[in-house]
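Here the structure comes first, spelled out in structure tokens, and everything after it is commentary.
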Amino acid sequence: MKEISCSAGDLILSKNEVSQNLYMVIRGRVRIEIGKEFFFLSDGDLFGEEGLFFNKPSPYNASSVEETAIQVLDHEEAKKHIFENPDVAFTVFIKNFGRTWRNIKTFSESSADYIRIIEELIPYAGNTENTLPDVPAGIGIQDLSKLMKVSSSDLLEDIKRFSDLGHIDVKSGEKIMTVDKKTLRKIVHEHYRNFYFYGTERDKGAGHYSLTNMIRKHNEDIFNGNK
């Protein structure tokens, strides 16, 4: 078992890299980037198990935000650590159980099909606060199906299937109705947070850096005019 020191901005694990190690944050913060989403990990948080235990490529980039100490565990060391720490085993189980069911068609907000539709609709949703799907999106079934490279009939079926969740619907066979943009973004954010890093939040890890991140988020909100 070894410990590495990282400076701010150091890339620890690259997207599509098959990790041969499990990484545990000892102190500092690690930024996880998954597409347009990002999260922070801190003391005690783990990453890299996709490659080590399942020989799968990493779906994210992991880089240090500040001076950060990382404990690097090989396969045997990781197994021993997990056996000795049931909470770690539970976290790894939850994360990967979710990934196993990702491609199963479900009627929940965690469905991969649902999240993909929501992601594509965000640019076309309205900005005015609206919690019911009764505002037309700026795109119809035909154009959205071309954008997503799926058949219009399949897309129409999926949107009807997901309409019970209360965020999207379709009227007159072509017109897509949605809730507001902010709500759609929140759905996507919650999905990726829970899917990849059970127990963490966007602005803090499961460790001890909540206050630092709350201050950073507060300053960002002021800068962006949200406060």
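Please give the strands (runs of 3 or more DSSP E) falling wholly within region 29-102 in which 1 or more residues are modelled with pLDDT of 85 or more and exposed (fewer than 15 other Cβ atoms within 10 Å of the Cβ).
30-34
What's the total number of residues in region 147-178 that are in a helix (DSSP H, G or I), over 24 Å from the mean Cα position of the chain (by Cα) and polar (S, T, N, Q)?
Matching residues across region 147-178 total 2.
What tally of residues in region 146-197 results from selecting those that are under 16 Å from R116 (Cβ atoms), of a type in the set (V, I, T) and touching a Pro at 6+ places or on another chain (Cβ under 8 Å)?
Residues meeting the conditions: 3.
Return yes when S5 is more than 29 Å from R185 (Cβ to Cβ), surrounded by fewer than 22 Cβ atoms within 10 Å (Cβ to Cβ) and hydroxyl-bearing (S, T, Y) and no when it is not.
Yes.
Residues in region 24-43 that are farther than 26 Å from I187 by Cβ and either touching a helix residue (DSSP H, G or I) at 6+ places or on another chain (Cβ under 9 Å) or in contact (Cβ under 8 Å) with a residue 60 or more places away in the chain (or both): how many?
3
How about region 139-162: which of its residues are surrounded by fewer than 15 Cβ atoms within 10 Å (Cβ to Cβ) and among the polar types (S, T, N, Q)?
Q142, S151, S153
The values are calculated or read from the model by the stated rules, or taken from the named source; none is laboratory data. Because the structure is a prediction, the values reported are computed rather than measured. Every residue, glycine among them, receives a Cβ derived from its backbone with ideal geometry; neighbour counts consider all protein chains shown.
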